[in-house]
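Below you'll find the structure, written out as structure tokens, and then a few comments.
The values are calculated or read from the model by the stated rules, or taken from the named source; none is laboratory data. If you're wondering where the values come from, they're calculated on a predicted model, not measured in any experiment. Using ideal geometry, Cβ is built from the backbone for each residue, glycine included, and neighbour counts are taken over all protein chains shown. The protein model used for the area step is the full one, side chains on, heavy atoms only, and it has no ligands, DNA or RNA in it. Shrake-Rupley method; radii C 1.70, N 1.55, O 1.52, S 1.80 Å.
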Amino acid sequence: MQRLSLNQSLQQRLSPQQIQFIKLLQIPTAELDQRIEEELEVNPALEEGMEFQEKTKEEEFQTDDYGNDEYGTEYDDYGDDFTDYESLSQEKVDVSDYLNKDDYAGYKMQSDSWDEDRESMPVVAMDSLTESLNQQLGFLKLDEQQTTIGLQLIGSIEDDGYIRRPIRSICNDLAFGQNLYVSEEEVISVLHKVQLFEPAGIGARNLQECLLLQVERMKCHTIACDNAKRILESYFDEFTKKHFDTIQRKLDTDHESLKDAITLITRLNPKPGSVGASGATATYLMPDFIVTQDNGKLDIILNSKNAPELRVSRSFSDMLDTYDKSDKKNKQIKETVSFVKQKLDAAKWFIDAIVQRQQTLLRTMEAIVKYQQEFFWEGDESKLKPMILKDIAEKIEMDISTVSRVANSKAVQTDFGIYPLKYFFSEGISTDSGEDASSREVKNILKELIDSEPKHAPLSDDKLEKQLKKRGYKIARRTVAKYREQLNIPVARLRKQL
């Protein structure tokens, strides 16, 4: 007898507003301006500018939490065109809900954590080193004099990332060009702040300082890192002349440890400006968030590019007011009002989606900072806790797909540099129990295995793979090699000791 089975599936279609929000959420900050310009071009009911009237807390528009989605994952099936609202307004035209101008005067676009000082920070679409550095300077809480010094220093950085102009000459430039008289110590103080910018090594005055800045930025505490730092600080002349025997003797270390340190140094970037001979400019990350330390707490700021000033056109609202006093039986007037109503809806939905984008970005970043606060205080990668998308989704009570859209296209500026949000999430490693383990968890075990291996017969990547599988981690040999390299651990033959 043939068995019959009934499969029931529930597919919930997304509303145009939800699709609008999802598409805006995954757009990086650098592309948001262009998307807003596109909407302004196709919708005359949407305008740039401050709201006409501040809304009270009770009057503030309340929206559904589009990010808290239980509505599936196949979003792209519904298309990209959000300006065709013809099918949404075929019902009888009723303008009574549109006649309150206060409701359409505008919506405040800043987040609650924004203040006037932060609003003025320079944010530009970056395609050059200078633009990137100027923006990072804007993130610092500097006074006017320090900012002027910082801009002068950035203007003195050459294409390869170095400042070769003497500090005394920069002081003279400020005196003659800006009428600002400062000491060399004041300039050096600001220079040290600029040298914390991305890319690592920027603003160095010579190769030694450039390489040392990069090693210090690593925040690693391995023997290789410690030796590399000592070589750059104390034995740089010997290093440039390749007097490795002398360095080994002065460091009182073995050949393999010295080789690891030299390998680490030679992997550093001697030209952090990254501008080739063709004169092409490099592209730099535009951060969506800025996390700073302030009086014992971590401040999270949303990049002002994510807070555009938009409003619904008052003139469009006035059209409806005029219609309400006119002959409602006139077909042409009725069609005009239908068009106006559609555009008002579209403008309102777009603004609401931008507001939801702001709120979702901030909620996600706040959860990440709280989860990884040890890292944001110290910048030490070893302090990063295993974290997957599900961890943050549960914290902010949103769907994993929403967190994924934020993490895949956003970056954060910290006191230790700019990081893509993906940096804070661990890769999932399948275990025998069927659960996911973080890549950092696997790296820690890998380091333990190597630290405890026989020094005269170190474990090959194949043997390390087998050891990990014995502990329940299903991991390929090539992944073992990748993690070992990320830990700055050389291959087995270079770890061998007599």
- When region 359-377 is examined, which residues are found to be open to solvent by less than 10 Å² (accessible area, probe 1.4 Å) and polar (S, T, N, Q)? T360, T364, Q372
- Restrict the check to region 399-410 and report whether at least one residue is at pLDDT 85 or above, closer than 30 Å to V491 by Cα and assigned to a helix (DSSP H, G or I). no
- Task: Any residue in region 368-385 that's farther than 24 Å from N408 by Cβ: show its pairings with residues that are of a type in the set (A, V, I, L, M) and surrounded by 14 or more Cβ atoms within 10 Å (Cβ to Cβ) at Cβ separation under 6 Å, as long as the two are six or more apart or on different chains.
- Result: none
- Has region 200-207 got at least one residue that is surrounded by fewer than 16 Cβ atoms within 10 Å (Cβ to Cβ) and touching a Gly at 6+ places or on another chain (Cβ under 8 Å)? no
- Item | region 483-496 - residue that is over 18 Å from M218 (Cβ atoms) and free of Cβ contacts under 8 Å to residues at least 40 places away in the same chain and, of those, surrounded by the most Cβ atoms within 10 Å (Cβ to Cβ) | A492
- Query: Tally time: how many residues in region 160-181 are touching a Ser or Thr at 6+ places or on another chain (Cβ under 9 Å) and in a loop (DSSP other than H, G, I, E, B)?
  - Reply: 6
- Message: Can you tell me which condition G428 does not meet? The list is (1) of a type outside the set (D, E, K, R); (2) modelled with pLDDT of 60 or more; (3) open to solvent by 30 Å² or more (accessible area, probe 1.4 Å), and all the others hold.
- Response: (2)
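Name every residue in region 136-168 that is crowded, with 21+ Cβ neighbours inside 10 Å and of a type in the set (S, T, N, Q), in order of residue number. Spell out the reasoning first.
The first filter runs over region 136-168 and keeps only residues crowded, with 21+ Cβ neighbours inside 10 Å, leaving 136-137, 139, 149-150, 153-154, 157, 161-163.
Residue satisfying the conditions is Q136 alone.
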- Index of the failed condition, A228 passing every other in (1) hydrophobic (A, V, I, L, M, F, W, C); (2) touching an Asp or Glu at 6+ places or on another chain (Cβ under 9 Å); (3) open to solvent by 40 Å² or more (accessible area, probe 1.4 Å); (4) over 24 Å from E131 (Cβ atoms): (3)
- Note on the structure: Those residues of region 256-289 that are at pLDDT 50 or above, over 28 Å from the mean Cα position of the chain (by Cα) and open to solvent by 30 Å² or more (accessible area, probe 1.4 Å) come to a total of 5
- Message: Any residue in region 25-51 that is within 13 Å of I354 (Cα to Cα) and assigned to a helix (DSSP H, G or I) sitting within a Cβ distance under 6 Å of a residue that is at pLDDT below 85 and polar (S, T, N, Q)? List the pairs, counting only those 6 or more apart or interchain.
- Response: T29/N303; T29/N306
- Message: Considering only region 193-202, I want to know if a residue exists there that is closer than 22 Å to D380 by Cα, part of a loop (DSSP other than H, G, I, E, B) and among the small types (G, A, S).
- Response: yes
- Conditions (1) modelled with pLDDT of 75 or more; (2) under 39 Å from the mean Cα position of the chain (by Cα); number of the one not met by S317: (1)
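State whether the residues of region 405-416 include one that is open to solvent by 20 Å² or more (accessible area, probe 1.4 Å) and free of Cβ contacts under 8 Å to residues at least 40 places away in the same chain. Full working, then the answer.
Restricting attention to region 405-416, the residues satisfying the condition of being open to solvent by 20 Å² or more (accessible area, probe 1.4 Å) are 405, 408-409, 415-416.
In the following step, the residues that additionally are free of Cβ contacts under 8 Å to residues at least 40 places away in the same chain were identified as none.
No, because not a single residue in region 405-416 is open to solvent by 20 Å² or more (accessible area, probe 1.4 Å) and free of Cβ contacts under 8 Å to residues at least 40 places away in the same chain.
Residue-by-condition table, conditions (1) on the phi > 0 side of the Ramachandran plot; (2) at pLDDT 80 or above; (3) open to solvent by 100 Å² or more (accessible area, probe 1.4 Å):
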residue: R3; (1), (2), (3): no, no, yes
residue: N7; (1), (2), (3): no, no, yes
residue: Q12; (1), (2), (3): no, no, yes
residue: S15; (1), (2), (3): no, no, no
residue: I19; (1), (2), (3): no, no, no
residue: K23; (1), (2), (3): no, yes, no
residue: P28; (1), (2), (3): no, no, no
residue: L32; (1), (2), (3): no, yes, no
residue: E38; (1), (2), (3): no, yes, no
- Note on the structure: The one condition D380 fails out of (1) open to solvent by 20 Å² or more (accessible area, probe 1.4 Å); (2) modelled with pLDDT under 90 is (1)
